[in-house]
Each structure stands twice: as structure tokens, then as C-alpha cells.
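Below is one structure; the comments refer to it alone.
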Amino acid sequence: MYPASFSYSSPTSLDDALALLAEHGEDAKLLAGGHSLLPLMKLRFAQPRYLVDLRRIANLSGIERSAGELKIGAMSTYAALAASDLVRTLVPMLADAAAQIGDPQVRNRGTIGGSLAHADPAADLPTVMLAADAQMAVVGRRGTRVIPAQAFFVGMLTTSLAPDEVLTEIRIPLADAREGSAYDKCRHPASRFALVGVAASIRLAADGTVLHARIAVGGMGPMAVRVAGAEAALKGHAPTAEVRHAAAALVAAAVDPQEDLQGTVAYKRNLAQVYAERALASAVHRAGG
Amino acid sequence: MTAPTTPAPSLFGASIKRREDPRFITGKGRFTDDVVMPGMTHAAFVRSPHAFAIIRSIDTSRASALPGVRAVFTGEQLAAAGVNGLPAGWLLPDIKVPYRPVLSVGHARHVGEAVAVVIADSAAVARDAAELVDVDYEPLVAVADTATALSHPTQIHDIAPDNRCFHWSIGDAAPVDAAFASAPHVVRQRFVNNRLAAMAMEPRASLASYDVAGDELTLYVTSQNPHVHRLIMGAFVLGLAEHRFRVIAPDVGGGFGSKIFIYPEEVVVAWAAKKIGRPVKWTATRSESFLTDAQGRDHVSEAEMALSNDGKVLALRVKTIANVGSGLSLFAPAVPTYLYATLLSGAYAIPAIHCEVDAVFTNTTPVDAYRGAGRPEACYLIERMMDLSAKHLGMSPVDIRRLNFIPAHAFPYQTPVALCYDSGNYEPALDMALTKADYASLLQRQAEGRANGRYIGIGFSTYIEACSIAPSQVVGALGSQAGLYESAHVRVHPTGSVTVYTGSHSHGQGHETTFAQIVADQLGIPMDAVDIVHGDTGKVQFGMGTYGSRSGALGGTSIYMSLQKIKDKAKKIAAHLLEAAEADIEFEGGKFYVRGAPDRAKQFADVTLAAYLGHNLPSGLEPGLEATSFFDPSNFTFPFGTHIAVVEIERSTGHVTLLNYIAVDDVGNVINPMIVDGMVHGGIAQGVAQALWESVHFAPDGQPLNASLMEYAVPRADQLIKYNTGRTVTPSPVNPLGVKGAGETGTIASTPAIANAVMDALSPFGVSHIDMPLTPSKLWTAMNGSTGGL
Ligand SMILES: Cc1cc2nc3c(=O)[nH]c(=O)nc-3n(C[C@H](O)[C@H](O)[C@H](O)COP(=O)(O)OP(=O)(O)OC[C@H]3O[C@@H](n4cnc5c(N)ncnc54)[C@H](O)[C@@H]3O)c2cc1C
């Protein structure tokens, strides 16, 4: 319950935050919603000496549409994402996922930036970011860079963020009409994280065949992954139940679940299949298919 | 204070909103951790990371050197200072009671066992220093599994060969063997009754302070029974005089049994407060709760039922291995014996029953009473066996139960396993439940569903349970080291308001409401004029506390008895004031009057004032108006009823959805129906959770696998449904209130109802039994033609 002692500051500008990170190096940690970091500190699994709170920095939250992109400030909470009309209409899978994270307390504190930077293997948003082909805007002392989602997630609890960088914004490319997306997850009975979570984004051609598909799966392996095989299996086909079933089977084949109290490997693969089918069915439906 | 004079309507049986709730829901409760004292210090415990290890040495020097640390103590130091081990509160023939020091001496025997304590000026410093205590462990091969503990090469305690704590049996084996020898049908099943964590919302906490001037030690502690704490800690562990040791259990946020027992931490805190001359506080983290709160259940049983061709149960034979954990928690021996095997007759007339129990030590958290305590294990076993037997014989689960019910005319009914059921009438409860469930159309819906790949299951539990375990003389003969009566002192104040001092303890039960209802009802005064005081040995006469659904029947009855004494004396005074014969005085609606002349009357407050003025009392009558009673009933009470669960299993995922849940309970007379409903609802939630979600797991090396709320699945509101509850009323003859007890019925009845429903849903797949928790993975695996896997 009591973390090791630490110092804390809440700078009001990004520059100040970056300066503090530079000054304290490995001893410093950024604090966003605190819903992953603080539990780890209370259990003393993490013992940062210095916390830099991002809360008072202006312009880190907010959701806006501009030039074919949805821009989401890293400090936007899940509750804000789930309630945003922009998110709900333009990237419905993100609203699906945000609305199912934890409980109201978690949704009111936890942030998209914190979730992505933390990269928990059972978290929901990394999966969505992969299927959205999102770009991560990252600011460091050396300047700004933009990292595509697939290069951002590197492994279990690891991203390509440098310790002295701040994730400031998530940019999601927007397609025209006839695109639909959905996220569906099987919740862990205790933690409510994803036992498996599948995000699917489908674009249909005028003839109803799949022009483009992005499918990602999380919760069953060290990190969320895109499933190129499943995407290819959809492309160019009418997304019938059979085609979706076959694509979902490729998702189930791509995951790497471990047997634990929640189930056998066979059961978990089956969950991946079932939830992939569900996510695909609603994505296709939302795409007007 | 104004004298309460308005007569109240009858309050016994009324759904009065809980008087305690405004303070709880506005955050104004006063729990142990809320109490702050000047000069208070904080304890943090160093805990064993090993399930079984020799403690080679403990080096406290780095911890002691940390600024803010006042003291560091080890088990050797406490033992040298005369602190005794924790005693067992229930003894059985040939039981092995290992020495259970409050801090490890020589060995650590489960993960989380307290090895040393640091006391510091702040909780944070105490925690920091605890990490600086260097313990040199030599890990040993641990025993974790219940079923194989008896044959494990590791012996955990020198005094307990084969890790056997005791071997115990009940019932007569000869008629059982004879019945099995000639029975046309025998049904057998092995059952694992999974281990559970109690998970009270408020973690355990204690705060002790020592007053040098008065040589008095005060302990605030999360206890369901503060006098039991005082007696055992004072007399057996710390050697303190009871009159100089005050135990206060203020608001307590749930117990479910886990706060009955005496734990190492509270002993250490009490001892250290005196030793260092400063108040010492400790509050468990949730992680500590998982590792150290006594857990529940954990049986492995082999059951065999002998049946006639027409479905009559001829005999039941059970062999149970019960895991007691690393050492004996206070009432651990009673749970898998007198609270379990004595209930194996269920609601049925079974001519012959024999049960053998081996209790085993393992390198796991100690196991003791958890909501239901033994009775859920018995109910699960017998109710599952009834279903398996019905299936074997091709009978309906309803018919086999009806056929074997103890008939209404057979009460009091003596079972072959010691108990004599006080009263019962089982068919009306079953009938009411069937009506509420609309059973005929349910069966139709089930058949239609199956044809369409939907798997609906209907599960029954026609349960019985036993509350208010008593009388003291009998439980004493069976091994209890305590009496099991209850006490009440009712003090009527001069102006007619009333303070009740009850030996019961409320930690969620709503006594401040129900007990006040009894008083207001009996005295015809408003509930506002009644205060209920509990949980403080400095205020309340000796009492036994609250567990085993005993407070209504025993605590309530002791209040009732005191009220009769009060009324008798008040009547004498009223007769004197009204210049009438005592025999002619009636008392009604808060008013004493002369029979036939209702205008010749005295209000209750007139009489109470007269009692205290003493100016005008019948000759020889003492002034004052208060009375104490200790109620020791002649028998247990036996609530019963029928629960029906309707579930659907999703074919593709194994997910179970509750479609309907019917609970018809007979808890005797009901003081407050809303509070009883609340008890039933919470109990069902816990019982459903055992069947579907909750289960404490240890790896073979004794490491806990799911000791956190991120892993251990306590039920949430969105997983449960609105229950369809009903009641029949068969008053108990063993107490004047006719109440039985409602605190555990839900937990006891619901687990087998759910398990039976799930198995019923799976019957098209040819599956007859899966052990709990019935996780989606297990069900999916079974539906795919395999019984293996998780
Ligand atoms: C009870 C509970 C239930 C939960 N259930 C779910 C669930 O169902 N699904 C799910 O996905 N998650 C769940 N979570 C986790 C939750 O989503 C966390 O909020 C999230 O993982 C971290 O976000 P945060 O804003 O709280 O970040 P913090 O905890 O403050 O930080 C997490 C990490 O990210 C770093 N960080 C934060 N912001 C930035 C940034 N802008 N740039 C660089 N680094 C940064 C921090 O330094 C830290 O290392 C749950 C948490 C709890 C407590």
C-alpha cells in the first residue's frame, strides 16, 4: 500500500517536463492517470524516485478532426473517448474499447497515452491502435517524431518510446465512407482486462467486397499484433459469414496463448476465433455490409 | 431528552430501512483504521516468501537503523517475552495441535506467514524498514495439494505424521455397509469443494494502546466477537487480566467468518503497544488479506449413495479430506466435522449415514469458518448426489427430492448424524419455488432451446442448514472450548428511552435496526428511543459475538428475555401507581392500564420515572429498571428452502449466464424482511461465485496463484441478476421469537443450485460432473467431448 518514497512535480509546460526527465534520467517516470503506475508502485514493483505529472500541461488532451485525421491528445481519458461523438462516429472501435476498460473510476482517470506507453499485453487500446494504423506523435529534447503503431509496440510492456520522450498525440487516419470498425473483447473475470480483444477495421468497395482490412488481436501473447494473413483472406472477397470465419481462424492461429487459470491453450485459441468473428461481423455491418 | 410517549405500530416484521446506513453511505462510519491516537506508531510485517522454509537467521540491524524505526521484533523475542502461541478453540480426540507462534519460530509454513514486525513512526517508514529485515531462509519442499497431503513425503509438523491433523468419523458404519451390500443402485462421485477467500470489504486492522496509569490495554480490532478476542488473547496468549484489557470492535466492514479468529498481527500489536509505550496500528493491505485471512472450504470428498429402485436413498457414505492449512486457526477443527458431517442428511430421511474426515496440514493459508462454514460443503455434496442419483435412475430432480424429504409430521427429526431438526415443512417451499419458476414452461423452453443449439439448465437445491449452534453443554462435550449462548443487558433510562447492550456484534447484519425493532415492538416506544450498543468489552457484558447466523435467535432472544423482566417489574410499579392488582394490569402500545378500564392508565415513561425516583414503589421493590439475560437455547435452528437456478451456457465460449434465480427460504419468523432479503441476496452472490468464479489456487510449491483482486474473481453486480425471492414461515420452537437465522442460507443453497443447473445444461453432452469453479474453459472443453483440461 505504501510506495517507496519519491519526489513529485507537476510542470505546466512540456518543456519543463522534458527538462525534468532529462535531469532525473532513469529515476524519473511520467505520471498520467496513474492507474497502471500507482498500483505497481504500491506493490513496490516500480520504485521511481521522481514522478513528473503530465496533468497540468496544456494541450495534451482534447479530440479534434483535421485533414483526414482524428487527433487525440495523449491525456484524454477513456471516459472522454467513449463519450466523444467524433470517436464514436469516425473510429467506433476506439469507443467500443474505451467504454469497456475497467470500471467508471478507471475510465475517468486512465488515459490513452498512459495505456499505450504502458503497453500491457492484456490492454485494449494497443490492439485498437494497430487496427487503426494510428501514428504516435512523440516529443523529446531532440524534437518531435511520429511513430506508426506497428513500430511503437515492441514487446511485453515495451514500446519504442525513449525514457526521456513524451507521447503527446495519437493521430488516426480517417477513410471515406463505407469504412466500419469494431472492437470486441472477452473480459478476464477478475481484472476485466482482455483475455482476448480483437479490433477490426474494414473498408468495403462499391460492390460490397472488402477493399481493405486491418485486424489486430491482443491479450494472447506478449503484445497485440496485426494479423496480415487474416486481412489478406478478406481482401477482395464479399465478407460473408464463411469468409469471416476463415479469417477469424487465421487470427486464432496467429495468437500465442499460455495455459493458466483462465483456460487451456485450445480454449483460448477458440476465444480468439469467436471474438474475431464477432468483431468482424460488426465491423462489416458498420461498413454498410 | 423528551420522554417518548407515542405508541408505535407493530415493528416486528416491518421492513424498516437500516438505521446504520446513513452513516455508512456518507462515509461517517468509524472503523478501526479511522481511529487515530496521539503518538501513534505503525506496524509492518515481514512475511515469508516461501511456502515452507527453515529460518536460519534474521538480521534486523539495517531495519533498526532506519530513522523513524522504534523497534523490530522477531518470533524468538516474543516467545522469550512470554507471548504464547495461538490456541485452538475446538478440540477433537487425538487432534494434533501444533505450536502456532504469532511470529515464526524456526520455520515459516505458508507464503505470507508473519516472520518479524517493524514498528515505526509512519506506515511508510515501517514498510521501508520491513524490506530491510534480512531473513536467511532455507526453502523446503512444500505440501500444497489437499488430496495428496497425507502421502506427501514432506511432514510439515513434527507432531503430525502424514500431515494428519485428525481423523474423525460420525454415524454408524455397520448399517451403512449393510445397506450398500444389498442396494440395487449405488451412485459414486468425487467432489472438490474449492477453497475461497472471504474478502471482507474492510481489511483486518488493529490498534492498541496501553495506559500506564491504569495499567489497562485497549485494543481496537476488526472482530466479530470482541469478548472472545479479549478472553483468548488475554488469558491464553498474552497473560493479561481481563478487567484490564478492553477490546473494541467499532464499525466492522464485513467479516463472513474471517474476523472471528485471533490473528498474529493483533496479538503483536497489543503486545508491542505495551512494550514500547506507544499506540501501535496495523491495517492489512489487500495482498495481506489474500495471504493471511483465514480461508474457507477446501475439501476433497468421495461420496457414495445407495438407492432403492424407486429412488429412496438407503444410505450415504462419505470420505472427506479437509485442508486446514499450515496450522490450526481458532475454530478450524469444528468446521469440517460438527458443522459439516452432521448436515449430510440434508432435507432427506436417510436411514444410515457414515462419514469419515481426515484433516490435513498443508503449506497454505489456514482454513477456518467462511460464510456457511461446513454447511455449504455438506449441502453441495448432498444436493449434487441427489441430482446424480436422479440422473442415474432416470428420475426428475424434483421427484427424487420430494420422495426423500423428511415428512412434515416427522419433526422433531433425529438424523443418523447427531442432529435433531427442530421443525420443518419442506414441500411448501419446493412448491412455491416451482410456481415462481413456472417449471413446466421452463422445461419446455429448455427442450426448445436444445433443439436450436441453446443450452439452458435448471438446477435445484432443496437445502437445509443449521444456525445458532447450541446448547453450550453439548458443544462443550463435543470439543468446543467456548460456550455458545448470547447475552443482553437492557437499561431503561428514567425518561423511558432504552439502551441495549448486546453480546452480538454487527458487521453488516443491521442489528442496530432489527434489535431496536424488537425493543420498540415489545415496549411500544419509537425506535428512536432505543440505542443498540455492541462491540466494546468496556461497555458490554460478556457475549459470544456474531457468526453462524446466531444473532437473531440468540442475541435477539436475550434482548427479548430482558424485556420480559423489565415489563414484569414495570407492571408491578404500574399496578402500585394505579392502585390495582398486578394481575389486572395490561400493557399495550406503551401504556399500562387496568383491564376493563383503559382510562386508568400510566404511560411507559411515567412508570420508568417512578422506578428511578423511588418515591412511590411497591414495598420491597428495588428502584431502577434494567435487566440482564443470557440465553442458551435447547437446540440449533434449521432453516431450509428451495433454490432454483436457471442458466444458459454459450456453446461457443462456455460462458454461463444466469437467466433466473428463485430463492424460497424458510428462516422462521422474520424481524425485518428487507434485511433478510439483503442477507439472502449477498449470500447468493457469494454462493454463485463459488460455483462459477471464485477459487483460491496454489501452485504445487505452495505459491499462491491468484492472490489479488486482479486475478481472484469476486462477483460484480453486472454478473448477477434480480433474484426472485419468497418465503414460507415455520417458526422455530427453540426460541420465543420463533426466528431461525438468515445470514448464510443464500451461500449454502446457491452453490449446488448453480452447479446442478450447469450440469443439467451440459447433459446433452453426456457430462455428469465437473468440479468447481465451473469456468468457461472447463465447460467448453466438456462440450467439445473432453473432460480434461482446466
Ligand atoms: C482496476 C483497473 C482495471 C483496469 N482495467 C483495464 C482494462 O480493462 N483494459 C485496459 O486496457 N486497461 C485497464 N486498466 C489499466 C488502465 O487502462 C490504465 O489506466 C492504463 O494502463 C495506464 O494509463 P494511465 O493514464 O493510468 O497511465 P499511468 O499509470 O499514469 O502510466 C502508465 C505508464 O505509462 C507512462 N506514461 C503515461 N503517460 C505517458 C505519456 N504521455 N508519454 C509517455 N509515457 C507515459 C508512465 O510513465 C507509466 O510508465 C485497468 C486498471 C485498473 C486499476
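The values are calculated or read from the model by the stated rules, or taken from the named source; none is laboratory data. Treat the numbers as computed from the prediction; the structure is a model and nothing was measured. All Cβ positions, even for glycine, are placed from backbone atoms using ideal geometry, and neighbour counts span all protein chains on display. Heavy atoms of the whole protein, side chains included, go into the accessibility calculation; ligands, DNA and RNA do not. Shrake-Rupley method; radii C 1.70, N 1.55, O 1.52, S 1.80 Å.
Kindly evaluate A:A82 against the criterion of being part of a helix (DSSP H, G or I), surrounded by 21 or more Cβ atoms within 10 Å (Cβ to Cβ) and either modelled with pLDDT of 95 or more or not assigned by TED's automatic domain parsing to the domain that holds A:V128 (or both). Judged against the criteria, A:A82 is not a match.
Within segment A:10-19, is there a residue that is more than 13 Å from the ligand (Cβ to nearest atom) and within 14 Å of chain B (Cβ to nearest Cβ)? So far as segment A:10-19 goes, no, none of its residues is more than 13 Å from the ligand (Cβ to nearest atom) and within 14 Å of chain B (Cβ to nearest Cβ).
Select, from A:R65, A:R44, A:R55, A:R88, the only residue that is farther than 30 Å from B:R47 by Cβ, over 17 Å from the mean Cα position of the chain (by Cα) and away from the ligand (no atom under 13 Å from the Cβ). Lay out the reasoning, then the answer.
Details: A:R44 fails: farther than 30 Å from B:R47 by Cβ; A:R55 fails: away from the ligand (no atom under 13 Å from the Cβ); A:R88 fails: over 17 Å from the mean Cα position of the chain (by Cα).
None of the other options fit; the residue is A:R65.
Residue under question is A:T89, and the condition is that it be away from chain B (no Cβ under 14 Å) and loosely packed, with under 14 Cβ neighbours inside 10 Å; does it hold? Yes; evaluated as a whole, the condition is true for this residue. Checking the stated criteria, B:A627 turns out to be assigned to a strand (DSSP E or B) and open to solvent by less than 70 Å² (accessible area, probe 1.4 Å).
Regarding A:I72, is this residue open to solvent by less than 50 Å² (accessible area, probe 1.4 Å), in a strand (DSSP E or B) and either over 18 Å from A:A224 (Cβ atoms) or not assigned by TED's automatic domain parsing to the domain that holds A:A228 (or both)? Criteria met by A:I72.
Here's the yes/no breakdown for (1) of a type in the set (F, W, Y); (2) closer than 16 Å to B:S558 by Cβ; (3) modelled with pLDDT under 95:
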site	(1), (2), (3)
B:G453	no, no, yes
B:G457	no, no, no
B:S472	no, yes, yes
B:G476	no, no, yes
B:S487	no, yes, no
B:G510	no, no, no
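The residues of segment B:580-609 that are open to solvent by 70 Å² or more (accessible area, probe 1.4 Å) and touching a residue at least 24 places away in the same chain (Cβ under 8 Å), listed by number, are B:E588, B:D606, B:L609.
Just to be sure before I move on: is B:I232 under 12 Å from B:T537 (Cβ atoms), under 23 Å from the mean Cα position of the chain (by Cα) and open to solvent by 10 Å² or more (accessible area, probe 1.4 Å) in the structure I sent? So B:I232 does not fit the description; no.
The set of residues from segment B:649-664 being open to solvent by 30 Å² or more (accessible area, probe 1.4 Å), in contact (Cβ under 8 Å) with a residue 60 or more places away in the chain and in a strand (DSSP E or B) comprises B:V656, B:L659, B:N660. Report whether or not A:S76 is at pLDDT 95 or above, under 20 Å from the mean Cα position of the chain (by Cα) and within 14 Å of chain B (Cβ to nearest Cβ). In short, no. A:A190 meets all of the listed conditions (1) open to solvent by less than 20 Å² (accessible area, probe 1.4 Å); (2) closer than 20 Å to A:L90 by Cα but one, namely (2).
If we only count strands (runs of 3 or more DSSP E) wholly inside segment B:280-339, which ones have 2 or more residues that are among the hydrophobic types (A, V, I, L, M, F, W, C) and not assigned by TED's automatic domain parsing to the domain that holds B:S708?
On the way: elements: B:280-283, B:299-307, B:313-325.
Output list reads B:280-283.
Go through segment A:195-206 and count every residue that is of a type in the set (G, A, S) and out of contact with any Phe, Trp or Tyr (no Cβ under 9 Å at 6 or more places or on another chain).
So in segment A:195-206, the residues of a type in the set (G, A, S) come out as A:197, A:199-201, A:205-206.
Now drop any that are not out of contact with any Phe, Trp or Tyr (no Cβ under 9 Å at 6 or more places or on another chain), which leaves A:201, A:205-206.
Summing the residues that are of a type in the set (G, A, S) and out of contact with any Phe, Trp or Tyr (no Cβ under 9 Å at 6 or more places or on another chain) in segment A:195-206 gives 3.
The set of residues in segment A:179-202 that are more than 15 Å from the chain's Cα centre (by Cα), more than 8 Å from the ligand (Cβ to nearest atom) and in a strand (DSSP E or B) comprises A:E179, A:G180, A:C186, A:I202. Checking segment A:24-31 against the condition returns no match, with no residue being within 8 Å of the ligand (Cβ to nearest atom) and surrounded by fewer than 18 Cβ atoms within 10 Å (Cβ to Cβ).
Against the condition modelled with pLDDT of 95 or more, farther than 30 Å from A:C186 by Cβ and either within 11 Å of the ligand (Cβ to nearest atom) or surrounded by 21 or more Cβ atoms within 10 Å (Cβ to Cβ) (or both), how does A:L37 come out, does it pass? Considered against the rule, which asks whether it is modelled with pLDDT of 95 or more, farther than 30 Å from A:C186 by Cβ and either within 11 Å of the ligand (Cβ to nearest atom) or surrounded by 21 or more Cβ atoms within 10 Å (Cβ to Cβ) (or both), A:L37 comes out as no.
Of the residues B:G508, B:G535, which single one is open to solvent by 10 Å² or more (accessible area, probe 1.4 Å), of a type outside the set (K, R) and under 25 Å from B:P203 (Cβ atoms)?
Values: B:G535 fails: open to solvent by 10 Å² or more (accessible area, probe 1.4 Å).
After applying the criteria, what remains is B:G508.
Within segment A:106-132, if we keep just the residues that are more than 6 Å from the ligand (Cβ to nearest atom) and part of a loop (DSSP other than H, G, I, E, B), the residue that is least open to solvent (accessible area, probe 1.4 Å) turns out to be A:A119. Of everything in segment B:704-716 that is open to solvent by 60 Å² or more (accessible area, probe 1.4 Å) and not hydrophobic (A, V, I, L, M, F, W, C), the residue that is farthest from the other protein chains (Cβ to nearest Cβ) is B:R716. Of all residues in segment B:723-738, none are open to solvent by 20 Å² or more (accessible area, probe 1.4 Å), within 11 Å of another protein chain (Cβ to nearest Cβ) and in contact (Cβ under 8 Å) with a residue 12 or more places away in the chain. Just one of (1) within 9 Å of the ligand (Cβ to nearest atom); (2) open to solvent by 40 Å² or more (accessible area, probe 1.4 Å); (3) more than 14 Å from chain B (Cβ to nearest Cβ) fails for A:D176. It is (1). Screening B:P639, B:P623 for residues that are touching a helix residue (DSSP H, G or I) at 6+ places or on another chain (Cβ under 7 Å) and farther than 30 Å from B:R402 by Cβ leaves exactly one candidate, B:P623. Against the conditions (1) charged (D, E, K, R); (2) at pLDDT 95 or above; (3) near the ligand (Cβ under 8 Å from one of its atoms), A:D103 satisfies every one except (2).
With the requirement that a residue be open to solvent by 10 Å² or more (accessible area, probe 1.4 Å) and either in a strand (DSSP E or B) or of a type in the set (A, V, I, L, M) (or both), what does segment B:481-494 give you?
Passing the criteria: B:A482, B:L484, B:H489, B:R491.
Candidates are the residues of segment A:215-256 that are in contact (Cβ under 8 Å) with a residue 60 or more places away in the chain and in a loop (DSSP other than H, G, I, E, B); the one that is nearest to the other protein chains (Cβ to nearest Cβ) is A:G219.
What pairs come up if the first residue lies in segment A:20-44 and is more than 14 Å from chain B (Cβ to nearest Cβ) and under 19 Å from A:A123 (Cα atoms), the second is small (G, A, S) and surrounded by 14 or more Cβ atoms within 10 Å (Cβ to Cβ), and their beta carbons are under 6 Å apart, counting only those six or more places apart or on different chains? Once the first residue is more than 14 Å from chain B (Cβ to nearest Cβ) and under 19 Å from A:A123 (Cα atoms) and sits in segment A:20-44, its partners that are small (G, A, S) and surrounded by 14 or more Cβ atoms within 10 Å (Cβ to Cβ) give A:A32/A:G113; A:A32/A:G114; A:G33/A:G110; A:G33/A:G114.
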